[in-house]
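In what follows, a structure is listed as structure tokens, so that the remarks can point back to it.
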Amino acid sequence: MDKTLHIFLIVSFLCGSQATEEWEELHEQTSPHGHDKSPSVRYSHASIVYKDEMIVTHGYFYDRANGSPAWRDDTWAYSLQAPHEWRQIVSFGGSAESKAPHGRYGHAVAIVDNKLYLHGGTDGGTRIHGQKGFQTAMEFDDLWRLDLDTAEWENLKPEGYPRGPLGGTGKRYLHTAVALGKEIYFYGGSNQSDVWTWNTEKSFWRQVIPKPGQLWPGRRQGHSAAALPDGPDGKSFVVYAGTRWGFGERALLDDIWRFKADGHVWEQILPVSSNNPAPRLYHSISTFGDGRMVLMGGSTNSPGMVCQDDTWVFSMQTKEWEQLNTAPAAIYHHTIVADDKTEAAYLFGGHRCGADRPESPAYLNAVFKLKIPPPLHSELR
């Protein structure tokens, strides 16, 4: 065989797969309430990368020792570079005077410049009725901004504004938020199908109306979304999976959609791979700067959660899924963030479906890392 052709075939083979890596525990599990150098356990929180840190805010866990819900309103930062330490940005204070967003889960966050924006979520009515069990239809519609330099929250839109240019999306949870430039795009949640933007410079809501006849992902909640790198057709974000219910329909989803900010166009991405993740909700995705999307966990059944520990990476270039090594635990309502500098994904928090053994805590606060180096072909370009 011609030597040049032989080398080409070897490179082509290597280009089709990621290097096999194992998950590494960076921060071990602690007591449920954590301590001054580690956050408590939690699930349905929010995590996002800012500079060289993973920012984590809010969430929930059921405090078995005290027999009561534990709604989190604290904010932490975890260093993605060694020595991998936690630092507290805003302490948990109960939000009695509304100087910070009330404890909640199912909220959505995005970062523009040095500001973290938090919207929606629910506390099951705790802020109104106290700890009397979870109540439905108690979603938030407030919008907050956290200055990551001064550690101060500001309430940009208190609860109760009418839906529209002043009130925006209305009450919802289990939705997503993605920053594209100076605008934040909110999609779905509470089984809704609409897209809204918040302009961080003009402080104004705007609803994005699909063009007549355009295909679009429709109603859903419990999905995930993440920004994609800017391309020839501008800024965009990706949406993956979730659930849709009501109006005679209840479905788990496994579809991939791309939303293009220029022209407000939805595009469905159809994988060409034969081995793909099962439909799911309450999973987590994040994206690298080259457009790869990493997926981990979630439940492949609802109602009656069946947690998964599978990890996948999807290439927006080749439209192929590839399965990586399984995560340390089968969980849902966790978060995973991708970091280009360290070429890795970081897993934090979550809940084990039905896990009640003392040696297997139901809620997690450990941090795990999975190296996901770029494919060889992207390095050769």
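Among the residues of region 164-175, are any within 29 Å of Glu249 (Cα to Cα), outside any loop (DSSP other than H, G, I, E, B) and hydrophobic (A, V, I, L, M, F, W, C)? Looking for residues that are within 29 Å of Glu249 (Cα to Cα), outside any loop (DSSP other than H, G, I, E, B) and hydrophobic (A, V, I, L, M, F, W, C), one finds none in region 164-175, hence no.
Here are some residues: Ser299, Ser224. Which one is out of contact with any Leu (no Cβ under 7 Å at 6 or more places or on another chain), surrounded by 14 or more Cβ atoms within 10 Å (Cβ to Cβ) and of a type in the set (Gly, Ala, Ser)?
On the way: Ser299 fails: out of contact with any Leu (no Cβ under 7 Å at 6 or more places or on another chain).
Going through Ser299, Ser224 in turn, just one is out of contact with any Leu (no Cβ under 7 Å at 6 or more places or on another chain), surrounded by 14 or more Cβ atoms within 10 Å (Cβ to Cβ) and of a type in the set (Gly, Ala, Ser): Ser224.
I'd like to check something: does region 317-325 contain any residue that is surrounded by 15 or more Cβ atoms within 10 Å (Cβ to Cβ) and within 24 Å of Gly181 (Cβ to Cβ)? Within region 317-325, not a single residue is surrounded by 15 or more Cβ atoms within 10 Å (Cβ to Cβ) and within 24 Å of Gly181 (Cβ to Cβ). The residue pairs whose first member lies in region 197-210 and is at negative phi, whose second member is modelled with pLDDT under 90 and not in a strand (DSSP E or B), and whose beta carbons are closer than 8 Å, counting only pairs six or more residues apart or on different chains, are Phe204/Pro165; Trp205/Pro165; Trp205/Leu166; Trp205/Gly167; Trp205/Thr169; Arg206/Pro165.
For region 331-354, a tally of residues being closer than 13 Å to Phe368 by Cβ, part of a loop (DSSP other than H, G, I, E, B) and small (Gly, Ala, Ser) returns 2.
Would you confirm, using the coordinates I've provided, whether Arg258 is surrounded by fewer than 19 Cβ atoms within 10 Å (Cβ to Cβ), in contact (Cβ under 8 Å) with a residue 12 or more places away in the chain and touching a Leu at 6+ places or on another chain (Cβ under 8 Å)?
On the way: surrounded by fewer than 19 Cβ atoms within 10 Å (Cβ to Cβ): yes; in contact (Cβ under 8 Å) with a residue 12 or more places away in the chain: yes; touching a Leu at 6+ places or on another chain (Cβ under 8 Å): yes.
So Arg258 fits the description; yes.
Looking at region 295-315, can you tell me whether even one residue there is at pLDDT 95 or above, out of contact with any strand residue (DSSP E or B) (no Cβ under 6 Å at 6 or more places or on another chain) and among the small types (Gly, Ala, Ser)? No, that holds for no residue. Take Val337 and decide whether it is surrounded by fewer than 20 Cβ atoms within 10 Å (Cβ to Cβ) and of a type in the set (A, V, I, L, M). The answer is no for Val337.
Checked against the criterion of being in contact (Cβ under 8 Å) with a residue 12 or more places away in the chain and in contact with a Gly (Cβ under 7 Å, 6 or more places away or on another chain), region 86-96 has at least one qualifying residue.
Exactly one residue out of Thr75, Thr30, Thr57, Thr4 is at pLDDT 95 or above, of a type in the set (S, T, N, Q) and farther than 20 Å from Leu156 by Cβ: that is Thr30.
Of all the residues in region 181-193, those that are over 21 Å from Ala241 (Cα atoms) and in a strand (DSSP E or B) number 1.
With respect to Val56, is the statement that it is aliphatic (A, V, I, L, M) and assigned to a loop (DSSP other than H, G, I, E, B) true?
Against the criterion (aliphatic (A, V, I, L, M) and assigned to a loop (DSSP other than H, G, I, E, B)), Val56 does not qualify.
Evaluate the following for Gly133: is it part of a loop (DSSP other than H, G, I, E, B), at positive phi and free of Cβ contacts under 8 Å to residues at least 24 places away in the same chain?
Spelling it out, Gly133 is indeed part of a loop (DSSP other than H, G, I, E, B), at positive phi and free of Cβ contacts under 8 Å to residues at least 24 places away in the same chain.
The values are calculated or read from the model by the stated rules, or taken from the named source; none is laboratory data. As the structure is a prediction and not an experimental result, all values here were calculated from the model. In this analysis, Cβ positions are derived from the backbone assuming ideal geometry, glycine residues included, and neighbour counts consider all displayed protein chains.
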